[in-house]
Structure formats: structure tokens, C-alpha cells
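A quick write-up on the structure given underneath.
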Amino acid sequence: AKILRLILGDQLNRNHSWFQDKNEDVIYLMAEMRQETDYVIHHIQKVLAFFISMRNFAEYLDREGHQVKYFEIDEKSNPQNLEKLVQSCIDEFEIEVFEYQLPDEYRLDQQLKEICSQLKIKSKANDTEHFLTEREYLADFFKRKKTYLMESFYREMRRKFDILMDGKEPVDGKWNFDQENRSALKDKQLLRKPKTHPKSVKKLLQTIKDAQIETIGNVDPEKFTWPTSREECLEILDYFCERLLVHFGDYQDALTTWDPFLFHSRLSFAMNSKMLSPLEVVQTVEKYWEGHRDEISISQVEGFIRQIIGWREYMRGVYWAKMPDYAEMNFFGHERTLPKWFWTGKTKMKCLSESIGQSLDLAYAHHIQRLMVTGNFALLAGIHPDELDQWYLGIYIDAIEWVEITNTRGMSQFADGGIVGTKPYVSSANYIKKQGNYCDHCAYSHKEKVGEKACPFNSFYWHFYDRNRDKLEKNPRIGMAYRTWDKMKNKQEILDQAEKYLNNIDSL
Ligand code: FAD
């Protein structure tokens, strides 16, 4: 039978069993589509990264002798949406069976089910062969539990895949070295340049402009730096092992004006597009570490591996356990719109201007910038989670809904009321000061709660706790904060200061 196999833009997995054999009767279908460029406003570098990686993948399949039908964004015959695309190819090539790989997004999952229900030919969904677990695994694992504790899921992954294990026990006797992953960076000399693959994207940039695709952010047309092929992704992985792993854990939570990447791997796009698999990434890192145990401590390696087989895999499970309801959750009932400077970086708060500025320039911010700077600010200020989802989903190179929304609504905004986290990630200026040098370069004072120079984080912090008392006071991990608040003498002054800032949020 003649088979049509659809490959989505984030399904660039060369090692998929589909590609093991060559078959004249199989046509692989890939398309750059307006449906995908327009469901949210993406960063220009994100659109470029996906299109270039997709083109490279199609070329690879072609070189390997597979038959590929590829639609570029500006092709006249490009149907620009999935229904028409699939139907027109079925007609054109007289297809008898339609196959696709399970999408990671609920939106596409629904759309593909709908398409298949309308088709007159047979259809079949295959696994992507990318993740460690199947979609429903986490929901089964936590059956009848109200909260999903990441740590127990993570330990199960360690055991199941024999990663950092010494028989039945964790290597070096401890499961989790998070306590050792919290230093601020004091020595600039330690920093390394990131491994990049600069290339010109002038022509494609023009095509995207001509197509009038709306985008945000900046790009140097002569120096696009993200990896766009499996070879490049593997080089980034090797570079991470050889140069960055040694300090990864130590400075995982550091904030600094010196460098946008620190010791982070920049591998999220490589994995989310499936050019690299999570298992090969962690196994490569573990193997490298085994050969360099005298130089690299376990806390660097465990900290990294936890993010991937722990958090990343866990977030995907939460997504499938809780969608579509998850996308509607707003535990605190927050309603405020995002300050205008989220789109420009122009604010006097140094931590935010740095974190947003680099996001616009690079389509990248590391985890603590996302969680404890932009996310923390938004939660304290009471921004509507829908607004935030749109922002995070658009701006980052790695933003795909399954991992964006669980991090944003769940981990960062506590809008799920505590499925992902046990308490909201909020802090005053104190934390940001402790983690690095942002406060040293700021127009506001991290020490002050009230007055013209007071850092907005300080009054917002108490405003947040005060206005959400009924929702948070009973949480055993938060009680302390209320006892401190109750003892404070200038409560009203602090709340007034917060109100004043909130009313002028666009000019902070
Ligand atoms: P590293 O610090 O080098 O970490 C290694 C890998 O671990 C990452 O590549 C990533 O695959 C994984 N990882 C680390 N933390 C997480 C996490 N919390 N959840 C899932 N995977 C994780 N990550 C995305 O991939 N896409 C998103 O859209 C996204 N949105 C986020 C939104 C918010 C509000 C927050 C707080 C976090 C978000 N993250 C997202 C998680 C994390 O910030 C990024 O994965 C990380 O910053 C990517 O940079 P890196 O590859 O250099 O990561």
C-alpha cells in the first residue's frame, strides 16, 4: 500500500524506526505552515531555527534515499494548514494509508485525530520514540495522588534507566544534590564562550518578512547561532561535557550581567526538536563524567541529569495528565495585563531589563531568569497566566506548549494550585541580590521596601502574600511568612507602596 507519513517541525528524530528501511511506497511529508507560525507570535530566531532544522532534516532523508515532499513557507501550492495539506497529498499521490507520530501538543493531537476521523483511508499514529516514558506513564505512576512529587518520579527514572546508579542505590549515596547547586558566580574568569554555529540567514529572513509573518525579537542576519542539524547538536553536547559540565551544578542558579548563558547547555532546542534524544544526552554526560571523576564532582552531573530525566520528562507527563483543563487554571484569579516593557526590556529594574533584553536578543534566558526574575515578578504583580503563556510560548527558542505551559502556569505561577510545585516560587529582592550582581547595577535599592528608590520586588512580595492570605496561609511551607508579616510595623505603608507601583507598572 502507498503510505503517507507526516513529520511535524518538532519531530526531527533521525533515529526513529520509520527511517530504518527505505521503501518506494512511503512518502514523507513536511511543511512550513502559517498555522504554525501564527498560533502565537514567535521570536524570529525560533521561526528561523525551526525552518532551517526542518530543511536540513528533509535534505538528510533525501540523501538517505527516502522520498520527501516538502513545502516551503512561500510556495504557492503550500496549503498552510494541516487538513488541506494531508488531504491534498493523499489525493496527489494516491495514498492508501496515512501515518503520523504522536504530537506533543494537545492542539495538534486534537487536530490530527479530527483529520483522521474524516479521512476515507486508514490512518495510524506511531510513538515519536523520543521520551523515556509514554504519555500516560506519569498519570499512572501518581494514580490517586493529589500532588505529583517530581522527586519520586525522578528516582523512578534513575532506577528504570540505570542512570547514576550503583546497583540499587544512587551513586555516591545521595539522590539529589540541589543544596549544592545554588552559588552566585564571583569569578568572571571561569566563564567560557558558548559553542555556536554562526551562519547567514539573510535569504530566509527576507522570505519570512515577505510572507508578513509577525515575529518578535532580534537576529543578526549574518550570525545566526542556534544548532540546526543533528551534527551541530552533537557538537554542542560534546562542548557541554568538555567545557561546561565542570561548573554546571555550582552556578545553575546564578544570575549575572557578565554572560547570558553561564554554564547552561543550550540544549533545549536540540532536544525539543528531537534532533537529540534525552536518553542519549544524559548517557553521554554520565559516560563523560565516569572518565573524569577526579575533575568533575557528582553534584554537577546529578544537577544536570535531574533537569532532563526529572523535570523535563515529568512536565510532559503532567501536561498529558492535565490538559486541556491545565490551560485554563488561574488559582489566584490574576487579571493584570503584562507591562509594556516585557516586549522591549525597557525598565529601570536591572534584573528584568537584563533578562528580558537577552530574551529579545537571543531567544534565550536560563532557568533562574525565567523562574525567579520574569516569572517571580509576574506572579507578585498578579499578571494573568494567559498573558504570560503567550509571552513565554513566543519568546523562547525552546518554547513548545507541553513544556512551556507546565513550567509557566505550574512551576512559575502556581496557577495550578499546587500540582507541580508545593508552594509558589516568590521572593523579594533579597534572593536576586544573593544570586548575583544585578542589584549592584540597578536604579532601585534592594534594601528598601518603601520610598522612591525601593525595589518593587520588596513591596510586591508582601502585597502578594497579603492579598492571597486565604489561599496560602494554611500551606505548612508558608506559615512562617505570615508570622513575619504579622509582626511587621509598617504594613500599610508597604501595601501602599505596592499599590502605587502596580498602578504605574508600565513605567517601573
Ligand atoms: P540547562 O540549564 O542546560 O538544562 C538542561 C536541560 O534540562 C534543558 O535543555 C531542558 O531540556 C531541561 N530542563 C531544565 N529545566 C527544565 C524544566 N523546568 N522543565 C523542563 N525541562 C527542563 N523549557 C523548555 O524547554 N521550553 C520552554 O518553553 C520552557 N519554558 C519555561 C518557562 C518558565 C516560566 C520556566 C521557569 C522554565 C521554562 N523552561 C522551558 C525550563 C528551562 O528554563 C529551560 O529548559 C532551560 O532554561 C533551557 O536552557 P538550557 O538548554 O541551557 O538548559
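The values are calculated or read from the model by the stated rules, or taken from the named source; none is laboratory data. In this text the structure is predicted, and so the values were computed from the model without any measurement. All Cβ positions, even for glycine, are placed from backbone atoms using ideal geometry, and neighbour counts span all protein chains on display.
The figures follow:
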quantity: Any hit, the stretch 276-293, residues being buried (at least 20 other Cβ atoms within 10 Å of the Cβ), in contact with a helix residue (DSSP H, G or I) (Cβ under 8 Å, 6 or more places away or on another chain) and within 18 Å of ILE368 (Cβ to Cβ); calculated: no
quantity: Residue list for the stretch 2-25, restricted to those being aliphatic (A, V, I, L, M) and in contact with a helix residue (DSSP H, G or I) (Cβ under 8 Å, 6 or more places away or on another chain); calculated: LEU4, LEU6, ILE7, LEU8, LEU12
quantity: Yes/no for GLY418 being at positive phi, more than 9 Å from the ligand (Cβ to nearest atom) and not hydrophobic (A, V, I, L, M, F, W, C); calculated: yes
quantity: Test: LEU132 is under 23 Å from VAL318 (Cα atoms) and surrounded by 13 or more Cβ atoms within 10 Å (Cβ to Cβ); calculated: yes
quantity: Selection within the stretch 470-494 - in a loop (DSSP other than H, G, I, E, B), over 23 Å from GLY421 (Cα atoms) and of a type outside the set (A, V, I, L, M, F, W, C); calculated: LYS489, ASN490
quantity: Residues (more than 31 Å from the chain's Cα centre (by Cα) and more than 16 Å from LEU4 (Cα to Cα)) located in the stretch 75-92; calculated: LYS76, SER77
quantity: Cβ-Cβ under 6 Å pairs, at least 6 apart or on other chains, the stretch 242-260 side assigned to a loop (DSSP other than H, G, I, E, B), far side near the ligand (Cβ under 10 Å from one of its atoms) and not aliphatic (A, V, I, L, M); calculated: GLY249/GLY303; TYR251/PHE263; GLN252/GLY303
quantity: The stretch 96-155: number of residues that are among the polar types (S, T, N, Q) and touching an Asp or Glu at 6+ places or on another chain (Cβ under 9 Å); calculated: 7
quantity: Test: residue in the stretch 141-155 that is surrounded by 14 or more Cβ atoms within 10 Å (Cβ to Cβ), more than 29 Å from the chain's Cα centre (by Cα) and not acidic (Asp, Glu); calculated: no
quantity: MET315, sole failed condition from (1) assigned by TED's automatic domain parsing to the domain that holds GLY382; (2) within 28 Å of PHE141 (Cα to Cα); calculated: (1)
quantity: Output for the stretch 204-242, where each listed residue is of a type outside the set (A, V, I, L, M, F, W, C) and either within 13 Å of the ligand (Cβ to nearest atom) or within 23 Å of THR374 (Cβ to Cβ) (or both); calculated: GLU214, THR215, GLY217, ASN218, THR225, PRO227, TYR239
quantity: In the stretch 181-237, the residues that are of a type in the set (S, T, N, Q) and under 23 Å from VAL281 (Cβ atoms); calculated: ASN181, THR196, THR225, THR228, SER229
quantity: Per-region count, the stretch 319-341, residues touching a Phe, Trp or Tyr at 6+ places or on another chain (Cβ under 6 Å) and crowded, with 20+ Cβ neighbours inside 10 Å; calculated: 1
quantity: Residue count for the stretch 199-227, restricted to those that are in a loop (DSSP other than H, G, I, E, B) and not aliphatic (A, V, I, L, M); calculated: 12
quantity: Of all residues in the stretch 299-316 being closer than 15 Å to ARG155 by Cα and of a type in the set (Gly, Ala, Ser), the one that is farthest from the chain's Cα centre (by Cα); calculated: GLY303
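Residues checked against (1) within 16 Å of the ligand (Cβ to nearest atom); (2) without any contact (Cβ under 8 Å) to a residue 24 or more places away in the chain; (3) on the phi > 0 side of the Ramachandran plot; (4) among the hydroxyl-bearing types (Ser, Thr, Tyr):
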{"position": "PRO424", "(1), (2), (3), (4)": "yes, no, no, no"}
{"position": "SER428", "(1), (2), (3), (4)": "no, no, no, yes"}
{"position": "ASN437", "(1), (2), (3), (4)": "no, no, no, no"}
{"position": "ALA454", "(1), (2), (3), (4)": "no, no, no, no"}
